[in-house]
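Structure, as structure tokens:
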Amino acid sequence: MAEFENITINATIQAPVEKVWTYWTEPEHITKGNQASEDWHAPFAENDLREGGKFVTRMEAKDGSAGFDFGGIYDEVKLHEVIAYTMDDGRKVHATFHDKGGETEVIQTFDAETENPLEVQREGWQAILDNFKKYAERMSG
């Protein structure tokens, strides 16, 4: 099996870990806080949050010019601490949630794909995490 290069991104969210976890994992929030830019959205999300459970989020350009399903199977779920999964293409993602007393540090490491430059992938995933941060802080504020 091919070895992937890892990319790590992070954000500190001004909200308690319990709320951040809810916004991260519940489909009603996934569809609202999970896009890289204003011209993309996630019209559909399904999430079976347990080891062996599957998830899928539909990502689409608002103008209908592009879209894809982002999905996988959970490898590890520890409430308010860890979410790890394998994407449909075999790459791994590991996210940790650190309770910092009223704020939450989210650190996400993922296997890079080979189609796009690493920096483009880092920027794309970081943009999604930054938009999630804005959403979570707006919801919990």
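No lab work stands behind these numbers, since they all come straight from the coordinates. From a predicted model like this one, the values you see are computed outputs, not experimental measurements. Here the Cβ positions follow ideal geometry from the backbone for every residue, glycine too, while neighbour counts run over all protein chains shown.
For Glu51 paired with Lys134, estimate the spin-label separation in nm (one decimal), with each label point 7 Å from Cα along the Cα-to-Cβ line.
In this crude spin-label approximation the distance works out to 3.7 nm.
How far apart, in nm, are the 7 Å Cα→Cβ label points at Val77 and Thr114?
A separation of 3.2 nm, rounded to one decimal place.
Which one of Tyr23, Ala112, Gly64 has its Cα pushed farthest toward the positive end of the charge dipole of the chain, where Lys and Arg give +1 and Asp and Glu give -1 at the Cβ?
Highest projection toward the positive end goes to Tyr23.
Which whole-number percentage describes the relative contact order of the chain, with Cα contacts under 8 Å and a sequence gap of 6 or more?
32
Determine ³J(HN,Hα), in whole Hz, for all residues of region 56-62 in sequence, where each value follows from phi through the Karplus function 6.51 cos²θ - 1.76 cosθ + 1.60 and θ = phi - 60°; x replaces Gly and Pro.
8, 10, 8, 10, 9, 5, 4
How large is ³J(HN,Hα), in whole Hz, for each residue of region 17-29 in order, when computed from phi with the Karplus curve 6.51 cos²θ - 1.76 cosθ + 1.60 and θ = phi - 60°, using x for Gly and Pro?
4, 4, 6, 4, 4, 4, 5, 6, 10, 8, x, 4, 8
Ranking request for peptides 19-32, 54-67: highest mean number of other beta-carbon atoms within 10 Å first, then the rest in descending order.
Going from most to least packed, we get 19-32, 54-67.
Over 21 Å between C-alpha atoms is what I'm after, so list which of Lys78/Lys134; Lys32/Lys133; Lys19/Lys133; Lys54/Lys134; Lys62/Lys92 land there.
Lys78/Lys134; Lys54/Lys134; Lys62/Lys92
So what are the ³J(HN,Hα) numbers for region 104-117, from phi and the Karplus equation (6.51, -1.76, 1.60; θ = phi - 60°), rounded to whole Hz, Gly and Pro as x?
10, 8, 10, 10, 10, 10, 9, 6, 6, 8, 9, 7, 10, x
Of all GluC sites (Glu not before Pro) in region 64-141, which ones are in loop regions per DSSP and have a Cβ with at most 15 other Cβ atoms within 10 Å?
Glu81, Glu103, Glu113, Glu115
Could you give the dipole magnitude of region 1-112 about its Cα centre, charging the beta-carbon of Lys and Arg +1 and that of Asp and Glu -1, in debye to the nearest 20?
Approximately 160 debye in magnitude.
How big is the shadow of the Cα convex hull of the chain, averaged over all directions, in nm²?
Averaging across all directions leaves 8.2 nm² for the Cα convex hull.
For a protection proxy built on the mean count of beta-carbon atoms within 10 angstrom, sort 124-133, 92-101 highest first, please.
124-133, 92-101
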